[in-house]
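Presented below is the structure to which this report refers.
Where a number appears in this text, it was derived from the coordinates with a stated rule and is not lab data. Since the model is a prediction, treat every value here as computed from it, not as a measurement. Reconstructed Cβ throughout: ideal geometry from the backbone, glycine too, with neighbour counts over all protein chains shown.
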Amino acid sequence: MKATILTPFLACASLIALTASAQTVQPGPNKTAGMTSKTIAIVGGKFLTITHGTIENGTVIMSGGKIVAVGTAKATKVPAGAEVFDARGMTVYPGLFDAETNLGLTEIASDQNSNDLAETADEIEPQMHVADAFHAETVHIPVDRLNGITNAIVAPASEDSIAGQDSVIQLYGRDRDQMLMQRDIALAMNFEGSVRRKANYNGPSKFPTTRMGLANQIRQAFLDAQAYEVERAAAAKPDHKGAPPKRDLKLEALLPYLHGEKPVVLAARESYEVEVAMGLAKEFHLKVILNHVTHAQDVLDEIASYHVPVIVGSVYDFPRPDERYDAVYSLPAELQKRGVKIALSSDGGGEGGGRNLPYAAGYAVAYGLPYDEAMKAITLNPAEMFGLGDSLGSLDVGKTANVVVANGDPLDVRTSVKQVFIEGTAVPMVSRQTRLRDEYMPLATKKP
Amino acid sequence: MASLYSAFLRRYVLLFAAAILAIPLSLAAQTPSSSTPTDVVIQNATVMTVTHGTIPHGSVWIHNGKIAGVGATVNAPAGARIIDAGGKYVTPGIIDPHSHSALGDDVNEATSPVTPSMMMIDAFDNRDKALYQALAGGVTTELLLHGSANMIGGQAVVIKNKFGLSRDEMLFPNAPRSIKFASGENPKRVYGRRGEVPSTRMGNFEVMRQAFEDAKAYMASWDAYNAKVAKNDKDAVAPKKDLKLEALADVLRGKLLVQIHCYRADEFLTEEAIAKEYGYKIRAFHHALEMYKVGDKIAPTGTGIATFADWWGFKDEAWDAIPWNAVMSMREGVRVALKSDSNDYVRRLNQEAGKMVNYGGATEDEALRMITLNPAWIIGVDDRVGSLDEGKDGDVVIWNMDPLSTYARVEKVFIDGDMFFDSSLPGFGTTHFNGVMHEAGFGGSDDEGGGQ
């Protein structure tokens, strides 16, 4: 028994020579000595490519931050001088992509000073950019990263009807500039009863206190933005007389979304909320990624007919008292079966944190989602939804070398991630938590 | 109107009568209301006994609600109901030693930091949907605890998750009494923001000491009275019965299992010191996220822990939480259980146990023990449930595969030999439930909410 605890903790140092060398570079959550330009070959093991099946006994070559070769070990030549990572007996897969997190916006949930989750003075806040609050050095990122999450959407908390603009990050890098891959990649919208928060039945209320009010307010915001654009275009004409309109950052922020240039992530849980929200989206020709839909079991065919991707869940959302216990667990499968492109997210993370994302996917498999589709839902699908399918989400030549090596099935809670590569660099497998563990470990090992 | 009135009668008047007469419903609790087959045999399964290893192609025989045989073969009589579980896994029922399910919003009587006479059974709602969802996750026994707003909260209720039966039929017969204590941020915050004591950990523990001093004085007054009575002193005047002080006296008399919510290493040591000072034992620290720091010092006290698998960082006192806590503490010799403290996680405690294989290399037996036998010990019912052993209650779960896998689903749940859940049934999959479930109450987590 004493021996078993040691194995995972020593990060298989004896097994994987590379790990040791990688960790001497610069241990620490984010600090790197600069991304490596070394060529690394991951050899052996089972490779889940996502796009072209599983390769038993495969090889992936990474160089210059990209994947430069993928294939069977037999057919893929390891270049001279490449470092070899021995992945025999392991499972190798692309870094996981979490489609909704609050990473870098909160440290300790109960400590308001550490929270930058959402502005709540108004329901319409498209001019808020999470990139402006993103705390790259958060302790949470290395913790999630150690379980194989390499990319994530950072979104404001679901507090407002239009809560702000999301960013996409990679979970490793020198600082925010390197970790923020693209700011303002999507608009975070919510049409949920929980946003209806200004009602005060014991005193003065403020508009909006109902879903009618919320819908009205959203519609007015987009109409104002359209009017603003017309006004601005008119002022840009050479024959225009008078002062140009005052620059309005709030309305300006909505324009790329009105043009359909970028997606809105539109959250709704109840079926009627989904329908009203989609009605608004159609009215303004928004490019939609639906989010949550956890109590929309009665309109699944309708959701499929929208032909929009869906971030489903959380699968742990509770069924209603009149629903079977697995009504939400089976939702990813039910949507996928109808041809909907689905992603899963850790949705704020909960108390265990975003590191549990792969287990949510595994649970969806338990309730009917095909395994390959579950893997896609936390890799390629979210990457594609946010326009990053060319660079992330699968083991394919030319993609960013975000690769994870684990000692088993990535979706199983019993599996340990052994090494994470981001942009072809072996990330130190260290977090504040592993340091605490190692600091106190002698206590645990000294007894028989 | 008539039906409402009869429902009222059923629910309150009869219960009240039962409590006064102390007969009818306690008998009912021992004889299940449905017809339970006398003998059930689950055969051809991978049987995870928890106490004596895993039996491939094994059988479990339940006779009159108790486990009568476990092994490669069992001597069940002809005519027993045979359930073929080929390719499936069988475990004892999952036990959650820290739940706030089915208590509505009545989790904290947060009007005084010392409320030991609050009885959680008075808030128990047996139709809360959280119980059903937990049953579908294989949970057969739960300790329903007061929250952590108070230093000394109320007395817990132990239930068997016989969802669909009456409130009294769901009580775990003759389970030991537990009481909930708490220290740290929650009582600090609740009372501190009102400008009351405690607003610090100093205040936390001072409130406790004063409560026990009061209890000692109360006990002394009764001792003096009883001594006078023993000497036939006609002038002896009985002290006033005080529910609060009686409950605290029962702590000092060792009649209550003390379950303490606290997170930090220093608090475990302070709590143990106070327990020693006043002469009571602590059954378990709940949450206990820093036990890995002082496990070697707590192990000799015999106090167990009921901890989270991987929760962390949601508050200051959870900042040093690490997911290796459970296994590291176990290696130190501390008895470790995992718990939900949540209507969510209670549905998949098997996965939380599975994580222990990853975080620390627990064996499957060790991991499974954390959600069966060890929580049973914390509740004080490990002689009755928590493993597949002859003589124990017939609380058995059939899984479609190894329960520590993410992919495992519960197929059937037996409690006292009676089947309460079968996922192959249409609708809810319940066998005893009719009617309407109630929306879940507060449920957790970190027990700081409800009722404040």
B:ARG209-B:THR363 pseudo-label distance in nm [points 7 Å out on the Cα-to-Cβ vector] | 4.5 nm
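Under a Cβ-only charge scheme (Lys and Arg +1, Asp and Glu -1), can you give me the dipole magnitude of the protein assembly as shown about the Cα centre, in debye to the nearest 20? Intermediate results must be reported in sequence, preceding the final value.
Numbers: 88 positive and 109 negative charges, 239 e Å.
Dipole of the protein assembly as shown, to the nearest 20 debye: 1140 debye.
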Expressed in angstrom and rounded, the centroid-to-centroid distance over alpha carbons for the range B:412-446 and the range A:374-410 is 39 Å
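Using a 10 Å cut-off around each Cβ, can you sort A:TYR201, B:TYR280 from fewest to most neighbouring Cβ atoms?
Details: A:TYR201 6, B:TYR280 20.
Exposure proxy ranking, most exposed first: A:TYR201, B:TYR280.
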Which percent, nearest 5, of DSSP beta bridges in the range A:40-107 are antiparallel?
-> 70 percent
Pick out which of A:VAL130, A:VAL68, A:VAL60 has the largest mean-square fluctuation in a Gaussian network model of chain A, springs linking Cα atoms closer than 10 Å.
-> A:VAL68
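For a 30 Å ceiling on Cα separation, which of these pairs sit above it: A:LYS337/B:LYS129; A:LYS341/B:LYS315; B:LYS66/B:LYS293; B:LYS355/B:LYS392; A:LYS282/A:LYS337? Spell out each step's value before the answer.
Details: A:LYS337/B:LYS129 28 Å; A:LYS341/B:LYS315 36 Å; B:LYS66/B:LYS293 41 Å; B:LYS355/B:LYS392 28 Å; A:LYS282/A:LYS337 24 Å.
Long pairs (Cα-Cα over 30 Å): A:LYS341/B:LYS315; B:LYS66/B:LYS293.
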Max mean-square fluctuation residue, GNM over chain A, Cα-Cα springs under 10 Å, options A:PRO370, A:PRO428, A:PRO126 = A:PRO370
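Given Cα positions, please report Rg to Rh for chain B, the hydrodynamic radius being the Kirkwood one.
Values: Rg = 22.5 Å, Rh = 22.7 Å.
We get a ratio of 0.99 for chain B.
Going by a ≥ b ≥ c, the root eigenvalues of the Cα gyration tensor, does the range B:239-346 fall in the rounded group (a/c under 1.5), the prolate group (a/b larger than b/c) or the oblate group? Could the numbers behind the result be given before it?
Numbers: a/c = 2.25, a/b = 1.66, b/c = 1.36.
Prolate, since a/c reaches 1.5 and a/b exceeds b/c.
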Regarding the range A:349-448, what is the average projected area of its C-alpha convex hull, in nm²?
-> 8.8 nm²
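With r defined as the distance between the Cβ atoms of A:SER37 and B:ASP242 and R0 fixed at 56 Å, what FRET efficiency is calculated, to the nearest 0.05?
On the way: r = 76 Å, r/R0 = 1.36.
According to the calculation, E is roughly 0.15.
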So for the protein assembly as shown, what are the equivalent ellipsoid semi-axes in whole Å, largest first, each being the square root of 5 times an eigenvalue of the Cα gyration tensor?
-> 48, 34, 29
Spin-label pair B:SER424/A:ARG338, simplified geometry with 7 Å Cα→Cβ offset, distance in nm | 3.0 nm
Considering chain A as a Gaussian network with a 10 Å cut-off on Cα pairs, which listed residue, A:SER194, A:SER161, A:SER416, attains the greatest mean-square fluctuation?
-> A:SER194
Roughly how many whole Å is it from the C-alpha centroid of the range A:41-71 to that of the range B:319-369?
-> 34 Å
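Return the calculated 222 nm mean residue ellipticity for chain A, to the nearest 500 deg cm²/dmol, obtained by summing -39500 (n - 2.57) across DSSP H runs with n ≥ 4 and dividing by the residue count.
Working: 13 runs with 127 residues, N = 448.
It lands at -8500 deg cm²/dmol.
By its C-alpha gyration tensor, with a ≥ b ≥ c as the square roots of the eigenvalues, how is the range A:171-240 shaped: rounded for a/c under 1.5, else prolate for a/b larger than b/c, else oblate? Walk me through the intermediate numbers first.
Working: a/c = 3.22, a/b = 1.13, b/c = 2.85.
Oblate shape, in that a/c is at least 1.5 and b/c is the bigger or equal ratio.
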Can you give me the relative contact order of chain A as a percent, contacts being Cα pairs under 8 Å and 6 or more apart?
-> 20 percent
From other protein chains only, count the Cβ atoms within 10 Å of every residue's Cβ in A:63-76, then give the mean.
-> 0
Give the cross-link partners of A:LYS237 among the lysines, using a straight C-alpha distance below 19 Å as the criterion and excluding same-chain residues fewer than 8 apart.
-> A:LYS246
Return the distance in nm (one decimal) between the two label points of a simple spin-label model at A:GLN112 and B:LYS281, each offset 7 Å from Cα along Cα→Cβ.
-> 4.5 nm
For the range B:348-390, run through the GluC sites (Glu not before Pro) and keep only the ones in DSSP coil with at most 14 other Cβ atoms within 10 Å of their Cβ.
-> B:GLU390
Counted neighbours (other Cβ, 10 Å), sorted fewest up, put B:PHE268, A:PHE318 in the order A:PHE318, B:PHE268
Near B:LYS244, which lysines are there with a Cα under 27 Å away, not counting those fewer than 8 places off in the same chain?
-> B:LYS180, B:LYS188, B:LYS216, B:LYS228, B:LYS255, B:LYS276, B:LYS281
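Return the FRET efficiency for the residue pair A:GLN127, A:ARG435: r is the Cβ-Cβ distance, R0 is 41 Å, and the value is rounded to the nearest 0.05. Don't skip to the answer; put the middle values down first.
Numbers: r = 39 Å, r/R0 = 0.95.
That gives a FRET efficiency of 0.60.
Tell me, what is the FRET efficiency for B:LYS216 and B:ASN174 to the nearest 0.05, using R0 = 30 angstrom and their Cβ-Cβ distance as r? Intermediate results must be reported in sequence, preceding the final value.
Values: r = 29 Å, r/R0 = 0.96.
The value I calculate is 0.55.
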Determine the percent antiparallel among the DSSP beta bridges restricted to the protein assembly as shown, to the nearest 5.
-> 55 percent
Note on chain A: helices (DSSP H) long enough, at least 15 Å by alpha carbon along their axis, and hydrophobic enough, mean Kyte-Doolittle at least -1.0, are A:211-236, A:271-283
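Please go through the range B:264-318 and write out the trypsin sites (Lys or Arg not before Pro) that DSSP classes as loop and that have at most 15 other C-beta atoms within 10 Å. Don't skip to the answer; put the middle values down first.
Numbers: sites: B:ARG264, B:LYS276, B:LYS281, B:ARG283, B:LYS293, B:LYS297, B:LYS315; in loops: B:ARG264, B:LYS281, B:LYS315.
Sites meeting the loop and neighbour criteria: B:LYS281.
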Taking the alpha-carbon centre of each part, the distance from the range B:31-109 to the range A:83-105 in Å is 39 Å
How much space per residue, in cubic angstrom, does the convex hull of the C-alpha atoms of the range A:91-223 take up?
-> 134 Å³
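Just the number, please: percent antiparallel of the DSSP beta bridges in chain B, rounded to the nearest 5. Show your work: numbers first, answer last.
Values: 34 of 65 bridges.
Given both bridge residues lie in chain B, the antiparallel proportion sits at roughly 50 percent.
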Using every pair of alpha-carbon atoms in the range A:212-272, split the distances into 5 Å bins beginning at 0 and state the percent of pairs per bin, rounded to integers.
-> 4, 15, 20, 22, 16, 11, 6, 4, 2, 1, 0
